[in-house]
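*Asks:* Shown below is the structure under consideration.
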Amino acid sequence: MTNVIEAEDLRRTYSGGFEAVNGISLAVPRGEIFALLGTNGAGKTSTVELLEGLAAPSGGTVRVLGHDPYRERAAVRPRIGVMLQEGGFPSDLTVAETVRMWAGCTSGARPTAEALDAVGLGARGGVRIKQLSGGERRRLDLALALLGRPEVLFLDEPTTGLDAEGRRDTWALVRALRDSGTTVLLTTHYLEEAESLADRLAIMHRGRIVLSGTPAEVTAARPARIRCVLPDGVDAGRLPLGLRAAADGRRVEIRTHALQDALAELLIWARDTGVRLEALDARSASLEEAFLEIASATDALDTPDLEGAR
């Protein structure tokens, strides 16, 4: 089986006729980290719930490991791990008691110590849930999602509440899972996280996928930028004609799809004319810029998919 997650023309309509998922299609091959991003209310949570088998689609089809995750839940559930945004554990149980309780409902569960060590909670087994920090609770959520050694792992905002070190540790763990063959579908509000982790990603808006591809493909479709501040008395009109610049007083911004060439042209001009550029900053387009472009668009539904998908 090449694709372990497949959705075709997937739809989810709530009472009142609101269509939260409006005919999306996606495919995730085995051993890939796929990030599903979206603006607020885009429909990504509704989509993930369909993929996890927590609800039946209003239309279209979904397959996980070759099965309908809702109608054939008994065939799918033992082979997947799900990390929800909030676990809702009994507050008076200890961490270890919670893991053992969960293990009793999980086929082929890892030993408790192994599960806790994997997420950095090995020394916190005797601590009650109510005494954990928010970040530690997220680590526990992840430990329980990994208990059954899942072939497919769904992670919903996995690093919310974690500090920088905890986030990096979680990233390393997710990459190790991917390298061992686990397929990961990730939702996150941290665009740096998606850019760092995802092999491919899709951005949803108004119930549809409006952009997809590798992080490099998504960012390469947008221009890089060069910013600088010109000295007093130097007008932006003196810049080389090949550099299309927008100016706000002394501040200049250049947008280009050929960053190296444009930056070289700017620096050579500055050297030859004796102009000192202040606050010079040059960088490639980021996933954040692509995301914000979609979020601010008045009609993002017409944005083409990089792979020609829906």
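The values are calculated or read from the model by the stated rules, or taken from the named source; none is laboratory data. The model shown is predicted, which means the values in this text are computed figures rather than measured ones. With ideal geometry, Cβ positions are generated from the backbone for all residues, glycine too; neighbour counts draw on all protein chains shown. Surface areas here come from the heavy atoms of the whole protein model, side chains and all, with no ligands, DNA or RNA. Shrake-Rupley method; radii C 1.70, N 1.55, O 1.52, S 1.80 Å.
*Asks:* Between the range 118-173 and the range 257-295, what is the separation of their alpha carbon centroids in Å?
*Replies:* Each part's Cα centre sits 39 Å from the other's.
*Asks:* Here is a further query. Starting from the Cα of ALA247, step 7 Å along the direction of its Cβ; do the same at SER284; then give the gap between the two resulting points in nm.
*Replies:* For the pair ALA247/SER284, the computed spacing is 3.1 nm.
*Asks:* Let me ask something else about it. Work the Kirkwood hydrodynamic radius out for the range 171-247: mean of 1/r over every pair of different alpha-carbon atoms, inverted, in Å.
*Replies:* Numbers: mean 1/r = 0.0617 Å⁻¹.
Taking every pair of different Cα atoms in the range 171-247, averaging 1/r and inverting gives 16.2 Å.
*Asks:* To the nearest 20 debye, what charge dipole does the range 36-191 have about its Cα centre, counting +1 at the Cβ of each Lys and Arg and -1 at the Cβ of each Asp and Glu? Write down the numbers at each step before the final one.
*Replies:* Values: 19 positive and 18 negative charges, 32 e Å.
I would put it at about 160 debye.
*Asks:* Over the range 87-154, what relative contact order in percent results from Cα pairs under 8 Å that are six or more residues apart?
*Replies:* That works out to 43 percent.
*Asks:* Measure off, as a whole percent, the carbon and sulfur share of the 1.4 Å-probe accessible area of the range 1-74, all protein chains present.
*Replies:* Here carbon and sulfur together make up 45 percent of the probe-accessible area.
*Asks:* Quick one: what does P(r) look like for the range 22-167 with 10 Å bins over all Cα pairs, in whole %?
*Replies:* Each 10 Å bin holds this share of Cα pairs: 11, 38, 34, 16, 2.
*Asks:* Averaging over every viewing direction, what projected area does the convex hull of the Cα atoms of the chain cover, in nm²?
*Replies:* Value for the chain: 20.0 nm².
*Asks:* Right, here's the next one. Could you please state, rounded to a whole Å, how far the C-alpha centre of the range 13-75 is from the C-alpha centre of the range 188-243?
*Replies:* Rounded to whole Å, the Cα centres lie 28 Å apart.
*Asks:* Something else about it: From the P(r) of the range 93-200, could you give the percentage of C-alpha pairs in the tail past 23 Å?
*Replies:* Working: 1381 of 5778 pairs.
The share of Cα pairs beyond 23 Å in the range 93-200 comes to 24 percent.
*Asks:* How big is the Rg/Rh ratio for the range 1-79, C-alpha atoms only, Rh by Kirkwood, two decimals?
*Replies:* Computed over Cα atoms, the ratio is 0.96.
*Asks:* Working from Cα positions, state the angle (0 to 90°, nearest 10) between the long axis of helix 287-296 and the longest principal axis of the chain.
*Replies:* 90 degrees
*Asks:* Additional query: Using helices alone, what [θ] at 222 nm do you get for the chain, with -39,500 (n - 2.57) per DSSP H run of 4 or more residues, divided over all residues and rounded to the nearest 500?
*Replies:* Working: 10 runs with 95 residues, N = 310.
Computed ellipticity for the chain at 222 nm equals -9000 deg cm²/dmol.
*Asks:* What is the angle, in °, between the Cα long axis of helix 259-273 and the longest principal axis of the Cα atoms in the chain? Nearest 10 is fine, range 0 to 90.
*Replies:* Tilt relative to the chain: about 30 degrees.
*Asks:* While we're here: Report, to one decimal in Å, the Kirkwood hydrodynamic radius for the range 170-310 based on all distinct Cα pairs.
*Replies:* Working: mean 1/r = 0.0570 Å⁻¹.
Its Kirkwood hydrodynamic radius stands at 17.6 Å.
*Asks:* Quick one: Debye curve from the alpha-carbon atoms of the range 254-293 only, equal weights, vacuum; give me log10 I(q)/I(0) at q = 0.16, 0.28, 0.34 Å⁻¹ to two decimals.
*Replies:* Evaluating at q = 0.16, 0.28, 0.34 Å⁻¹ gives log10 I(q)/I(0) of -0.50, -1.01, -1.17.
*Asks:* Which of the GluC sites (Glu not before Pro) found in the range 7-115 are loop residues per DSSP with 14 or fewer other Cβ atoms within 10 Å of their Cβ? Write down the numbers at each step before the final one.
*Replies:* On the way: sites: GLU8, GLU19, GLU32, GLU49, GLU52, GLU72, GLU86, GLU97, GLU114; in loops: GLU32, GLU72, GLU86.
Passing both the DSSP loop test and the Cβ count: GLU86.
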